[in-house]
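The values are calculated or read from the model by the stated rules, or taken from the named source; none is laboratory data. Remember, it's a predicted structure, so these values are computed and weren't measured experimentally. Cβ sites come from the backbone with ideal geometry, for glycine too, and all protein chains shown count toward neighbours. Note: areas computed on protein heavy atoms with side chains; ligands, DNA, RNA excluded. Shrake-Rupley method; radii C 1.70, N 1.55, O 1.52, S 1.80 Å.
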Amino acid sequence: MADVSREVVEHVAMLARLQLTEDESDRLQKELGRILEYADKLQAIDTDEVEGTSHVIPMTNVYREDQVGVSLDVEEVVANAPDAAEDFFRVPRIVEE
Amino acid sequence: MYGLAFPKCPLPIPNSRRKVIQMPMEPMIGLEVHAQLNTESKMFCSCSTKFGAEPNSNVCPTCLGLPGSLPVPNRRAVEYVIRTGAALNCQTAARCRFARKNYFYPDLAKNFQISQYDEPLTHDGYIDLDVDGEQVRIRIRRAHLEEDTGKNIHLATGSSLVEYNRSGIPLMEIVTEPDFTTAEQCREYLTQLRLILRCIGVSNANMEEGAMRAEPTVNLVDRETGEATPKVEIKNLNSIRAVYQAVSYEIERQRRAVAEGREDELFQQTRRWDEDKGVTVLMRRKETSDDYMYFPEPDLVPLEPEPEWVEEIYASCPELPAERRERFCTEYDLPRYDAEVLTESRQLADYFEETCKRFEGSAKMVSNWLMGDVMSLLNEAGITIDQSPISCEMLAELLRLIKEDVISGKIAKDVLATMFETGRSAAEIVEEEGLEQISDTGALESVIDEVIEENPGPVEDVRAGKDKAIGFLVGQVMRKTQGQANPQMVNEMLREKLT
């Protein structure tokens, strides 16, 4: 089984902004190991001759022309927001990094 | 083993690395510049990019990141980055992709920014700078395309407000190699880059408005041993002057820390420029390299700019400000200062050249009038040269009237002001208001005699060889003729009469 350190689990959790309990971390350490084990299998395949694929559709150069279209009404913009103040979205205070 | 390359908390510097770094060390500075592109619509949707609109009025499902929306790249934004690449001697990629930069911060509603990562649109260029007479080449690592973020307003009440009008405006990131060694070089680079971006019409590059932002990375390096201080990034710079001051300050701060062995002050960090205090202030330590989990953007297909298109963009790259400045010095025999001022804007430089074409006289005269009276009229009215009511044909005509002694330079200033106000031609104004210069000896003679009569003192002085006094007498004649006398002629006639 691929060895995933506890630091990796904590790091990934931090990147995803997840707060894990000790039990969850234990479980995820094992599960991530199994996932990576599967990735290892794929890694074993010789792909030297294969170009990396980010799209399954063989297509390039899809553009739009620089033309202004219609935007949403501000009422619609904030309609789904959990919290809004006047025409702004309101979020818990974010400290500038 | 899937190990980790980051410590979890600030680490003390191990003793093994605590050695005194030998002076002298040279500054090593890199610059990252973000410039908003001058497009009508956003990068991936058709919302307007107009500045100063009502909050959240230029947003749509795509720039709000609503489920089911899909981005489509703005062709003009791609063209502008390629054009910038052409101006900065870069190579444009035959194929490139967009990437997702993932992070948690509400300035983008999607939780990621569409950017470019390992495949920038253009790369490996350079810019040559003239810094106080020294030629410096700065290598450009890359210029890539991404989307701008929204704006946050932090309230005292413990919440923040977010608005997304700016979110999705096309943003170009230009990254240099760490080739700068002085703050002066950084200043010159930003000055030239701004001129270039304006000249090629891709960005208004106004730092005060946030349309251009610069982030320097500063450290010191011993070029012989390769030993270096940790890199420091500086943020919150709203002008070229601020960049210059912050970089100067930071070089000094690091130098002093090295010289005085205060290595606890030397660590990888981000600092903020405090404009009022004139110092850089620690914002945060950087224990880890940023982990943005980049991956290819699955909603966008790769770009393969057509070679014909790219060639066309490169071929149509206009003469850049630095070249034009040199040409103005040689072709028009202008002083360097004039050439610099005139090439500050492409429109002004065009206007100058167009006027020169229409005026059979000295280019320096065109330059003087343009930089002096024309510019001050424009500044007073708060408009730019391309909005001037005085066309280059009209200015050329005015200059011709001066050159042919039809009007004096002094009268010409008033005529110019009237032209500016009314849009009428110089010849028309001169004719209607009877402003022709008096170059008729007969007409001048009587005025000169009057002046000699009325000013015996100065007349004696001139006769006694005090040359200065003649200026006074010329001035008197000019006054009596309301500035319409030809001063050159008055001068000559006075000399003839008095010596």
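Overview of results
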{"quantity": "Matching residues in the stretch B:136-160 - criterion: being in a strand (DSSP E or B) and at pLDDT 95 or above", "calculated": "B:V136, B:R137, B:I138, B:R139, B:I140, B:R141, B:R142, B:A143, B:H144, B:L145, B:E146, B:E147"}
{"quantity": "The lone exception for A:G52 - which of (1) closer than 30 Å to B:N165 by Cα; (2) within 11 Å of chain B (Cβ to nearest Cβ) it fails", "calculated": "(1)"}
{"quantity": "Tally, over the stretch B:279-316, of residues that are surrounded by 15 or more Cβ atoms within 10 Å (Cβ to Cβ), away from chain A (no Cβ under 12 Å) and either assigned to a strand (DSSP E or B) or touching a Pro at 6+ places or on another chain (Cβ under 7 Å) (or both)", "calculated": "2"}
{"quantity": "Any hit, the stretch B:121-143, residues being within 24 Å of B:P302 (Cβ to Cβ) and within 13 Å of another protein chain (Cβ to nearest Cβ)", "calculated": "yes"}
{"quantity": "Subset of the stretch A:72-93 (residues that are open to solvent by less than 30 Å² (accessible area, probe 1.4 Å), part of a loop (DSSP other than H, G, I, E, B) and facing chain B (nearest Cβ under 8 Å))", "calculated": "A:V78"}
{"quantity": "Restricting the stretch B:144-160 to residues that are aliphatic (A, V, I, L, M) and more than 8 Å from chain A (Cβ to nearest Cβ), the residue that is least open to solvent (accessible area, probe 1.4 Å)", "calculated": "B:L145"}
{"quantity": "Flag if A:E65 is open to solvent by 100 Å² or more (accessible area, probe 1.4 Å), at positive phi and either of a type outside the set (A, V, I, L, M, F, W, C) or more than 7 Å from chain B (Cβ to nearest Cβ) (or both)", "calculated": "no"}
{"quantity": "Matching entry among B:E163, B:E215 (being under 30 Å from B:P24 (Cα atoms) and within 14 Å of another protein chain (Cβ to nearest Cβ))", "calculated": "B:E215"}
{"quantity": "Search result, residues across the stretch A:11-23 that are surrounded by 14 or more Cβ atoms within 10 Å (Cβ to Cβ) and either more than 14 Å from chain B (Cβ to nearest Cβ) or more than 24 Å from B:F104 (Cβ to Cβ) (or both)", "calculated": "A:L20"}
{"quantity": "Of the criteria (1) among the basic types (K, R); (2) open to solvent by 90 Å² or more (accessible area, probe 1.4 Å); (3) over 30 Å from B:V301 (Cα atoms), which one A:R6 fails", "calculated": "(2)"}
{"quantity": "Every residue from the stretch B:40-94 that is outside any loop (DSSP other than H, G, I, E, B), within 17 Å of A:Q67 (Cβ to Cβ), without any contact (Cβ under 8 Å) to a residue 40 or more places away in the chain and touching a Ser or Thr at 6+ places or on another chain (Cβ under 7 Å)", "calculated": "B:S41, B:S48, B:R76"}
{"quantity": "Counted residues, the stretch A:60-71 - those being part of a loop (DSSP other than H, G, I, E, B) and closer than 19 Å to B:T49 by Cα", "calculated": "8"}
{"quantity": "Residue check for A:D26: surrounded by 10 or more Cβ atoms within 10 Å (Cβ to Cβ), of a type in the set (D, E), in a helix (DSSP H, G or I) and free of Cβ contacts under 8 Å to residues at least 40 places away in the same chain", "calculated": "yes"}
{"quantity": "Leading residue by the ranking (nearest to the other protein chains (Cβ to nearest Cβ)) among those in the stretch B:34-59 that are within 24 Å of B:A143 (Cα to Cα) and polar (S, T, N, Q)", "calculated": "B:S46"}
{"quantity": "Evaluation of A:R34 against (1) assigned to a loop (DSSP other than H, G, I, E, B); (2) open to solvent by 100 Å² or more (accessible area, probe 1.4 Å); (3) not polar (S, T, N, Q) (one fails), failing number", "calculated": "(1)"}
{"quantity": "Selection within the stretch B:417-448 - among the hydroxyl-bearing types (S, T, Y), loosely packed, with under 15 Cβ neighbours inside 10 Å and closer than 26 Å to B:I385 by Cβ", "calculated": "B:T422"}
{"quantity": "Residue selected from the stretch B:51-94 under the condition open to solvent by 60 Å² or more (accessible area, probe 1.4 Å) and under 21 Å from the mean Cα position of the chain (by Cα), by the criterion farthest from B:I174 (Cα to Cα)", "calculated": "B:F51"}
{"quantity": "Residues of the stretch A:48-62 satisfying the condition of being surrounded by 10 or more Cβ atoms within 10 Å (Cβ to Cβ) and at negative phi", "calculated": "A:S54, A:H55, A:T60, A:V62"}
{"quantity": "Residue in the stretch B:380-416 that is surrounded by the most Cβ atoms within 10 Å (Cβ to Cβ), counting only those that are over 25 Å from B:Q347 (Cβ atoms) and β-branched (V, I, T)", "calculated": "B:I407"}
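Yes/no per residue for (1) open to solvent by less than 50 Å² (accessible area, probe 1.4 Å); (2) touching a residue at least 60 places away in the same chain (Cβ under 8 Å); (3) within 24 Å of the chain's Cα centre (by Cα):
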residue	(1), (2), (3)
B:E227	no, yes, no
B:K231	no, no, no
B:N238	no, no, yes
B:R241	no, no, yes
